[in-house]
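Some notes on the structure that comes next.
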Amino acid sequence: MAQQAIASPLIEFFGAVTIVLLVGYARKQIKLGTMTPGEFMSFVIALLMLYEPVKRLAGIHNIFQQALGASQRVFEYLGSRTADKGKTQRQKLTRFEKSILFDSASFHYPSAPDGFSLDKIRLK
């Protein structure tokens, strides 16, 4: 969790430091005549266009880390036998002989248009 909270400010900080360093470097190169102001602006614009995808990559990394942590917890749970503890007396089911009856059963699809539902149905 702390890793996720630090990622975004860290990217912002390094972005600001990079821009400051580039401006200082460009100033020196422009004074020496090896770089024109137009070339520098082109470079800075290209760098700023790369900034947003790098931020998105950090977000994807955070999502991946969350998924990794959650999957580890799921596999730990599945690997343990804690789900079976406490159920020492299990009922043995008898052989199926007759039929199953659903009497006055109701069902409702909450996401269906017009609230489609089945009321008081009898299934045997």
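The values are calculated or read from the model by the stated rules, or taken from the named source; none is laboratory data. These numbers were taken from a predicted model, which means no experiment stands behind them. As a convention, Cβ positions derive from the backbone with ideal geometry for all residues, glycine included, and neighbour counts pool all protein chains shown. Side chains included, ligands, DNA and RNA excluded: accessible areas come from the protein's heavy atoms. Shrake-Rupley method; radii C 1.70, N 1.55, O 1.52, S 1.80 Å.
Express the accessible area of the chain per residue in Å², computed with a 1.4 Å probe while the remaining protein chains stay in the model.
92 Å²
T36 versus E97, label points 7 Å from Cα toward the beta carbon: distance in nm?
It works out to 9.8 nm between the two label points.
Could you tally the net charge around L21, taking each other residue with its Cβ under 14 Å from the Cβ of L21, Lys/Arg +1 and Asp/Glu -1?
Once all neighbours under 14 Å are counted, the net charge is +2.
Using only the alpha carbons of the chain, what is the convex hull's orientation-averaged projected area in square nanometres?
17.7 nm²
Only Cα pairs within less than 10 Å get springs; with that Gaussian network setup on the chain, which residue of K31, K55, K92 has the largest fluctuation?
Highest fluctuation of the listed residues: K92.
How far is helix 37-79 tilted off the main Cα axis of the chain, in degrees rounded to 10, range 0 to 90?
Orientation of helix 37-79: about 30 degrees from the principal axis.
By how many degrees, 0 to 90 and rounded to 10, does the Cα axis of helix 2-32 deviate from the longest principal axis of the chain?
20 degrees
Using the basic label-point model (7 angstrom from Cα toward the beta carbon), what is the A58 to V23 distance in nanometres?
1.9 nm
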